[in-house]
Amino acid sequence: MSIKERIIKKRKELNLNQTELAKKAGLQAPAISQYESGSRNPSYDALVKLSRALKVSIDYLVSGSDQETQISDPSVLVLLKIFKGLEADQQKNILDYVFLSAGTYNILDYYANDPKQYANYIYEQVLEANFPVDIYKVLTELNLKVVQGEIENQAEAILLKRNNTVILNKNTSNEARVKRTLATLIGHYVMPWHIKSTYYYRKKGNSTTKAEDIEEIEAASFATNLITPSEILEADLANFTKGKVSLTNLKKLAVEKYKVSLTSLCYRLVEYDNDRFAVIQSSDLMTKQVFTVKMMIKEGKPLHKDSKAYELLDQPSNIEELKEGHVSASTWLDNFEGGQLLYESSIYNPEYNAVLTLLSKF
C-alpha cells in the first residue's frame, strides 16, 4: 500500500471527503487531490498536518508502520517507563548506549524530532547565523569529507555515514545542485535516527519528488530549511506577494543571494504564499510536475497553445529564453472563473529541453 492509498483509506474510515480532510489538516482540497492521485507526495510539513488530521503517525502514512502511536510490546513499554523515571545524565548514558548498539552516534550532541529543528540548529550554532549558507563550512565543522567518483550509474551522490564520507558524482558541476545534494546528505548524517550505513541522493531509477521513504522526506525537508533559512527568506519573499512576479527577479535572488536553484526558490515561494502561486515543470509539450496548493493545474496533459510554455517548447532556442505575460486562467486551470487572468512567467532550459513556469494570481 502506498502513501496515497493510506491517505484515502484513513480519510474514508473517518467518513471525510477531500475538502473536509483539507480543512481539518489546514491544507487545501487541490493538494489533497494531488496526494491521493499520486501526482506528488506530501512534504514533511504536510505529512505532519495529515497525520494529526487522520489520527495516525507519520510513519504509518509513509511506511504503514504505526509504532509511534500503537506500542504494544510490553518490553518496550517497560523501557519507556524506566527511561522517563531516570535522571537526565542516566538518560543520556542510555541514549549513548543505543547509538553505540546501532553502530552510529549523535553527531551534534543535540536532540530533536523534527528535521527543521536540526537545520535551524546548524544554521544558528554551527554557522552562527552567517548567510549565505556555506555548505562546505558545514561539512568541515562536522568532519564530513567529500570526494569525487565515478558513481553516475548508482546515484548523484552517496553518503558513507560510518566513514564520514560523501562520494559526489564527478560529472555534477552545477553549484546550486551540488549545494542541494550535499545539504540533503548532511541531513541524513546529523539526524541520529537515520542509522543506515549508506544513503543515496537521486538514486538511479528513483524520483525525489515522489519519495515514499520517511528518511528521504525528512532529509529533503532538512536541506530546504538549511539552504534557505526561514528568517532570511520571509523578508525577501514578502516583496513578491504583490503585483506581477517575473522569474528574472526570482532567479537573480536565487543565484546571487541564496546560491540555490531557481526551482528551489520557486517552491519556497509557493510554500510562503500558497494562495497566489503555482510552479509547473513541462517538457515534450506536456505538463510533467506541478507544485501548488490551491490552483487546479491541468497536470499530465498537453500544454495549451496559448501558454508561454507551449511557445517556448514548440520553437525551442539554443539558449535560455524567457516569455511572460497575462494569460487566461483557462490556459492552465481546470477550475476557473470566467474572464479570470493569471500572470505566467516561463523560462526555457536548453540543457534539459524543459520549461519552468511560475503562475501568479493578481
Can you pick out the pairs among K179/K305; K170/K323; K145/K259 whose Cα atoms lie more than 25 Å from each other? K179/K305; K170/K323
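Filter the cross-link list K257/K301; K24/K161; K252/K308; K298/K361 down to pairs whose alpha-carbon distance in this structure exceeds 28 Å.
Working: K257/K301 35 Å; K24/K161 39 Å; K252/K308 21 Å; K298/K361 16 Å.
Table pairs above 28 Å Cα-Cα are K257/K301; K24/K161.
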Can you list residues from other chains, or at least 5 along the same chain, whose modelled amide H is less than 5 Å from the amide H of I151? K170
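Please return the longest stretch of the chain lacking exposed loop sites, where GluC sites (Glu not before Pro) count only if DSSP places them in a loop and at most 10 other Cβ atoms lie within 10 Å. Please list the in-between numbers first.
Numbers: sites that count: E87, E128, E150, E337, E351.
Longest gap between qualifying sites, sites excluded: 151-336.
Where nothing but the Cβ of Lys and Arg (+1) and of Asp and Glu (-1) is charged, how large is the charge dipole of segment 156-244 around its Cα centre, in debye to the nearest 20?
Working: 13 positive and 10 negative charges, 86 e Å.
In debye, rounded to 20, segment 156-244 gives about 420.
So what's the back-of-envelope 222 nm ellipticity for the chain, counting only DSSP H runs of four-plus at -39500 (n - 2.57) apiece and dividing by all residues, rounded to 500? Before the final figure, lay out each step's value.
On the way: 15 runs with 148 residues, N = 362.
So the calculated ellipticity at 222 nm is -12000 deg cm²/dmol.
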Give the range of the longest stretch in the chain that excludes all trypsin sites (Lys or Arg not before Pro) found in loop regions by DSSP and having at most 12 other beta-carbon atoms within 10 Å. 56-169
Which values, in whole Å and largest first, are the semi-axes of the equivalent ellipsoid of the chain obtained as the square root of 5 times each eigenvalue of the Cα gyration tensor? 37, 26, 18
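If the viscosity is 0.890 mPa s and the temperature 25 °C, what Stokes-Einstein diffusion coefficient in µm²/s follows for segment 101-165 when Rh is the Kirkwood radius over Cα pairs? Intermediate results must be reported in sequence, preceding the final value.
Working: Rh = 13.8 Å.
Value of D from the Cα-based Kirkwood radius: 178 µm²/s.
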Note down the nm distance, to one decimal, between modelled labels 7 Å out along Cα→Cβ at Q148 and at D134. 2.2
Each residue of segment 267-272 in order: what ³J(HN,Hα) in whole Hz does its phi give by Karplus 6.51 cos²θ - 1.76 cosθ + 1.60, θ = phi - 60°, with x for Gly and Pro? 4, 5, 5, 5, 4, 6
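Which FRET efficiency value, to the nearest 0.05, is calculated for Q91 and E5 with the Förster distance at 41 angstrom and r the Cβ-Cβ distance?
Details: r = 38 Å, r/R0 = 0.93.
The pair Q91/E5 has a calculated efficiency of 0.60.
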What base-10 log of the normalised intensity I(q)/I(0) is obtained for segment 17-124 from the Debye formula, alpha carbons as equal point scatterers, at q = 0.12, 0.17, 0.21 Å⁻¹? -0.63, -1.01, -1.18
Would you kindly calculate the mean projected area, averaged across all directions, of the convex hull enclosing the Cα atoms of segment 184-331, in square nanometres? 10.7
With all protein chains present, segment 272-358 has a carbon and sulfur share of its accessible area (1.4 Å probe) in percent of 45
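At 0.36 nm per residue, and after removing the present C-alpha to C-alpha distance, how many nm does the segment from R162 to F83 gain when stretched out fully? Walk me through the numbers on the way to the answer.
Values: separation 79, 0.36 × 79 = 28.44 nm, distance 2.73 nm.
Length gained, R162 through F83: 25.7 nm.
The values are calculated or read from the model by the stated rules, or taken from the named source; none is laboratory data. No experiment lies behind these values; they were computed from the predicted model shown. Cβ sites come from the backbone with ideal geometry, for glycine too, and all protein chains shown count toward neighbours. Accessible surface areas use protein heavy atoms only, side chains included; no ligands, DNA or RNA. Shrake-Rupley method; radii C 1.70, N 1.55, O 1.52, S 1.80 Å.
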